[in-house]
1. In segment 119-217, which helices (runs of 4 or more DSSP H) lie fully inside it and hold 3 or more residues that are at pLDDT 85 or above and farther than 30 Å from ASP83 by Cβ?
2. Given the criterion open to solvent by less than 70 Å² (accessible area, probe 1.4 Å) and over 30 Å from TYR65 (Cβ atoms), identify the matching residue among PRO137, PRO107.
3. Among (1) closer than 23 Å to ARG193 by Cα; (2) free of Cβ contacts under 8 Å to residues at least 40 places away in the same chain, where does ASP97 come up short?
4. In segment 62-104, how many are surrounded by fewer than 18 Cβ atoms within 10 Å (Cβ to Cβ) and farther than 20 Å from SER154 by Cβ?
5. Please go through segment 123-158 and give me each residue that is β-branched (Val, Ile, Thr) and over 15 Å from ARG112 (Cβ atoms), ordered by number.
6. Being of a type in the set (Gly, Ala, Ser) and more than 21 Å from PHE91 (Cα to Cα) is the filter here; which residues of segment 147-195 pass it?
7. Would you check which residues across segment 69-114 are closer than 24 Å to LYS181 by Cβ and of a type in the set (D, E, K, R) and list them?
Amino acid sequence: MATITSDMIKDLRERTGAGLMDCKKALTEVDADIEKAVEYLRKKGIAGAAKKAGRIATEGAVTSYIHMNNRVGVLLEVNCETDFVAKTADFQAFCADVAMQIAAMNPVCVRREEMDTSKVEAERAILREKALAEGKPEKIVDKIVDGQVGKFYSENVLLEMKFVKDDKKTIELLQQELVAKLGENIKIRRFTRYELGEGLEKKSEDFAAEVAAQIKA
């Protein structure tokens, strides 16, 4: 069995935020392989997060984010179980990262269940028609479409999106890792995204008419 050193435990703790004993156990389980230990702790954390998912979370924070050009703004509510956790740097950093994600990627909703089913079915119909038009065998078209609809969700549902700072993680995984680290149920509840001029009719300039008017004047 490979030797587990204090430096290895320290490195693993810094990378995962797990406790010293958990880090030592993880390294023991994977024969001192740091990368495998990170994955071991991640899976353990996800399992622990799932157990906490049913616990009541009514504390938390409402976070705002304004993009540097002042054209996009986000209001975001994230819940946790206690006011103590809501004030931690880890929780606040998570809120800031998620708000930035919303500003950058413009999701439609937080979770898949909130998506308008008529919109999903319309997308499915378009994708199916396209697959058939491309000559895909009808017996596998539905399987192809299911995969494409999954991609549609990953591009529109916040929890299923890849994290803009680390595309190896989804927002849901980022949330689960925080649950594992802080030991409380944490949920992204809702958000509103504002974009300057959104929904307003933009003035359309008729360049030729403008030139003609200037000449006439």
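1. 138-156
2. Answer to the check: PRO137.
3. Exception for ASP97: condition (2).
4. So the answer is 21.
5. The first filter runs over segment 123-158 and keeps only residues β-branched (Val, Ile, Thr), leaving 126, 140-141, 144-145, 149, 157.
Answer for segment 123-158, where residues must be β-branched (Val, Ile, Thr) and over 15 Å from ARG112 (Cβ atoms): ILE126, ILE140, VAL141, ILE144, VAL145.
6. Result: GLY147, GLY150, SER154.
7. GLU77, GLU81, ASP83, LYS87, ASP90, ASP97, ARG111
The values are calculated or read from the model by the stated rules, or taken from the named source; none is laboratory data. The structure presented is a predicted model; accordingly, all values stated were derived computationally and were not measured. So basically every Cβ, Gly included, is an ideal-geometry build from the backbone, and we count neighbours across all protein chains shown. Surface accessibility is based on the protein's heavy atoms, side chains included, excluding ligands, DNA and RNA. Shrake-Rupley method; radii C 1.70, N 1.55, O 1.52, S 1.80 Å.
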